[in-house]
Amino acid sequence: MIQEFQILIDEYWKWLRDNTTLKQIDNWVEVTSPFIDRHNDYIQIYAKKENGNIILTDDAYTIRDLEISGCELATEKRQKILQLTLNGFGVSKEGDELIVKATENDFSKKKHNLIQAILAVNDLFYLAPASIVSLFLEDVREWLKENEIRYMENINIQGKSGNNHNFNFAIPETKSAPERLIRVMNRPQKSYAQSLAFTWIDVQPTRPNPDNTSLYAIINDTEKEIPESVLNPLQSIGANILPFSDREKYKYKLVS
């Protein structure tokens, strides 16, 4: 099984390498990744050397794009969730920019973390109707509490590749139930599902008891039905898919 996972991981990194392009812009290098944002545009970040370090930034695009779209991030509650999300990836916020500082030795890891943070911030904070007050992550957290489901929050786990991966919640293994790692997906989007699938392929073999560790994707399906393009990559890795509209039906899987 480990050899099969290694092949999949190698294929993933090859896909990343072959589909990443670079462009010189003054003192910066524009890095275009194969990951797609909510506009179906490829996510771009910018890199330059400065005082012996490599600065990586989204050039403030992520937050400004959300605000232009009517997603207000200035409230104390949302700022707190934003900071917790960024902390999970080791990403800083300077003004509206999302930034990490890297060296030549950890450039790949820091680049990976920044792109994953951009995907996570988009997913957590893009609220289509302006009238929506609560955040989906908050809804999930409150539901877990209401059902007395014990959990740890904002967990970072290093995969076989050496990259860190963030999970919104983790439920420890018990005598009768496996370890459950949970990702919350606010918008059912293909690129985010694919990223989560490769994250799981990288992370599962590193767990203390890989065969007794499960992935759960709690997906917001209140606005639209979960598309096949999201279900397929998650089903291919054996993820447990929990549509939030059916949460009461599936809560027995998390209560232990």
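The values are calculated or read from the model by the stated rules, or taken from the named source; none is laboratory data. Small disclaimer: the values here were computed from a predicted structure and weren't measured. In this analysis, Cβ positions are derived from the backbone assuming ideal geometry, glycine residues included, and neighbour counts consider all displayed protein chains.
Six or more apart or on different chains, Cβ atoms under 9 Å: show the pairs whose first residue is in the stretch 1-21 and modelled with pLDDT of 80 or more and whose second is among the aliphatic types (A, V, I, L, M).
Hits for this filter: T20/V31; T21/V31.
Is one or more of the residues making up the stretch 11-33 charged (D, E, K, R) and on the phi > 0 side of the Ramachandran plot?
Checking the stretch 11-33: at least one residue is charged (D, E, K, R) and on the phi > 0 side of the Ramachandran plot.
Mind checking which residues of the stretch 22-67 are loosely packed, with under 11 Cβ neighbours inside 10 Å and over 22 Å from the mean Cα position of the chain (by Cα)?
Residues satisfying the conditions are L22, Q24, I25, D26, N27, E50, N51, G52.
From T222, T199, T174, grab the single residue that is more than 18 Å from the chain's Cα centre (by Cα) and either aromatic (F, W, Y) or within 26 Å of H39 (Cβ to Cβ) (or both).
T222
With respect to the numbered conditions (1) within 19 Å of the chain's Cα centre (by Cα); (2) hydrophobic (A, V, I, L, M, F, W, C); (3) more than 22 Å from P34 (Cβ to Cβ), which one is the sole condition not fulfilled by V255?
Unmet for V255, out of (1) within 19 Å of the chain's Cα centre (by Cα); (2) hydrophobic (A, V, I, L, M, F, W, C); (3) more than 22 Å from P34 (Cβ to Cβ): (1).
Hey, among the residues in the stretch 65-103 that are polar (S, T, N, Q) and in contact (Cβ under 8 Å) with a residue 24 or more places away in the chain, which one's farthest from Q158 (Cα to Cα)?
S69
Mind checking which pairs have a first residue in the stretch 174-197 that is over 28 Å from C71 (Cα atoms) and a second that is surrounded by fewer than 21 Cβ atoms within 10 Å (Cβ to Cβ) and of a type in the set (D, E), Cβ under 8 Å, 6 or more apart or different chains?
E179/E173
Which of (1) in contact (Cβ under 8 Å) with a residue 60 or more places away in the chain; (2) more than 24 Å from D10 (Cβ to Cβ) does I201 not meet, given it meets every other one?
Here I201 clears every test but (2).
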